[in-house]
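The values are calculated or read from the model by the stated rules, or taken from the named source; none is laboratory data. Everything quoted here is computed from the prediction, not taken from an experiment. Cβ coordinates were reconstructed from backbone atoms using ideal geometry, including for glycine residues, and neighbour counts include every protein chain displayed.
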Amino acid sequence: MTESINRSLLSFPLKMITSSLSPSGKNARLSISIYHRVQEEDDELLGISASATSFDLQVKYFSENFNVLPLHEAVQRIQNGTLPSRAACITFDDGYADNEEIALPILQKHGVSATFFVATGFINGGIMWNDVVIEWMRRVPVDLLDLTKMDLGKHEMNTLPQRREALFSLINALKYLPFEIRKQKIDQLCSLIPVSLPGNLMMTSEQVLKLHRSGMGIGGHTTNHPILARLTNEAAYSEIAENKETLEHIINSPVRLFAYPNGKPNQDYLSNHIEIIKGLGFDAACTTTWGAAKKGCDLYQLPRFTPWVSDYLKFMLHMSRNMARNVDVV
Ligand SMILES: [Zn+2]
């Protein structure tokens, strides 16, 4: 009740602030949000709020306070200088099954569109390397994890925060290793203490098609979600081109939007990858640099940010801070 009174009292002044930060027309700003999973409940191991309840609130705040557009339309309108004030897009990365099972009904309830960037190497029963580590850490029945022989340290696992710390330490140690070495280490982990891992974390082809048929956007995200900057140009090209082709085959429509895996400029992708994206006929691509896009900015490096907060005031302040951030114009 207090929350809804706060919301109605604050709604008008906050809309004034966000409208001045993000007016319509040629000075418009486009806020693109990035999500990954939406789960039934908060994820206690990861210590993050990623629940359906929280996502429902955020989509409600988006739909009541912003003009939510499909990304492909927003890209056209940013070029034409015809974006509405407080323009926003919602995007998802990777292709988790919960995107179709949990997020889609929430988006439909609020009447908004989203774009889903899908790494096709994991659909139909696959699992991404980070999820192998996460799901393995959730399940290993030990109080002390000794991985010193693998150069991955020794970790107390008695409490949830300790287990979380151990998980993040492993993820950070593995993230930028060459693909084959990382795979070897993860295989070693899984054979050290075997646990049963889920086979239904990612979408099936039918779920990707269902999102498309529900009016949602489908975008490329490579086949195997590599750090593009660590690949040869030929390997990067194949990752991007084959993913596009597979998605176009599934939805029987062109795929013209892309999101770089991990997405940090000059670290996760380089200028040659932007050229590949352009050459393959994509209209725009998204990064994970935060900020809001505006007319004249690089459409192949659109900034995005994560607004995972359930509190209305915090959500609006977070959005305002993101809109106020200067993004280079090319
Ligand atoms: Zn991703």
>> Would you confirm whether or not the range 275-284 contains a residue that is over 17 Å from I240 (Cα atoms), free of Cβ contacts under 8 Å to residues at least 60 places away in the same chain and not charged (D, E, K, R)?
In response: no
> What residue, of S31, S49, S85, is surrounded by fewer than 18 Cβ atoms within 10 Å (Cβ to Cβ) and not charged (D, E, K, R)?
Replying inline: S49
>> Can you go through G125, G111 and tell me which one is in contact with a strand residue (DSSP E or B) (Cβ under 8 Å, 6 or more places away or on another chain) and loosely packed, with under 13 Cβ neighbours inside 10 Å?
In response: G125
>> Contact list please: Cβ distance under 8 Å, first residue in the range 48-76 and over 16 Å from T115 (Cα atoms) and among the acidic types (D, E), second residue in a helix (DSSP H, G or I) and at pLDDT 95 or above, pairs at least six apart or on different chains.
In response: D56/I106; D56/K109
>> Is it the case, given these coordinates, that F55 is within 27 Å of S214 (Cα to Cα) and aromatic (F, W, Y)?
In response: yes
> Can you name every residue in the range 181-222 that is surrounded by fewer than 21 Cβ atoms within 10 Å (Cβ to Cβ) and within 16 Å of the ligand (Cβ to nearest atom)?
Replying inline: R182
> Condition test on L57, is it under 17 Å from the mean Cα position of the chain (by Cα), away from the ligand (no atom under 16 Å from the Cβ), assigned by TED's automatic domain parsing to the domain that holds G81 and modelled with pLDDT of 70 or more?
Replying inline: no
>> Please pick out the residue among D146, D94, D151 that is out of contact with any Asp or Glu (no Cβ under 8 Å at 6 or more places or on another chain) and within 16 Å of the ligand (Cβ to nearest atom).
In response: D94
>> Looking at the range 118-127, can you tell me whether even one residue there is more than 30 Å from S31 (Cα to Cα) and away from the ligand (no atom under 15 Å from the Cβ)?
In response: yes
>> So if I check each of T288, T306, which one is within 16 Å of the ligand (Cβ to nearest atom) and surrounded by fewer than 18 Cβ atoms within 10 Å (Cβ to Cβ)?
In response: T306
> When only residues in the range 252-268 that are among the polar types (S, T, N, Q) and within 15 Å of the ligand (Cβ to nearest atom) count, which is farthest from P226 (Cα to Cα)?
Replying inline: Q267
